Amino acid sequence: MENTGIRLTGLWKEKTKAGDTYLTGSLNQGSRFFIMPNKHKKGDKDPDYNMFLKQNEPKKAGNTQAQGNTGEDL
């Protein structure tokens, strides 16, 4: 397949604590997005996945440990 589009970002597979797989990525330093399966799908007109955008929380002074974001609080 020929790549004719503009690459926006990469996506990474993650798992929630419940074991569900979702995709995550970032578009800039200030926000991340999550693509989650639609668990409330009722028919063909409902989307298979939903995309959520979340602002990154400011880093706390003196905290040098990296913190992961699982998307579970979405």
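Derivation of every value follows stated rules applied to the coordinates shown; laboratory data play no part. The model shown is predicted, which means the values in this text are computed figures rather than measured ones. With ideal geometry, Cβ positions are generated from the backbone for all residues, glycine too; neighbour counts draw on all protein chains shown.
So the values come out like this:
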{"read-out": "Karplus-derived HN-Hα couplings along segment 9-24 (A = 6.51, B = -1.76, C = 1.60, θ = phi - 60°), whole Hz, x at Gly and Pro", "value": "5, x, 10, 10, 7, 10, 10, 6, 4, 7, x, 6, 8, 9, 10, 9"}
{"read-out": "Likely footprinting exposure, Glu57, Glu14, fewest C-beta neighbours within 10 Å first", "value": "Glu57, Glu14"}
{"read-out": "Neighbour-count order for Leu27, Leu8, fewest beta carbons within 10 angstrom listed first", "value": "Leu8, Leu27"}
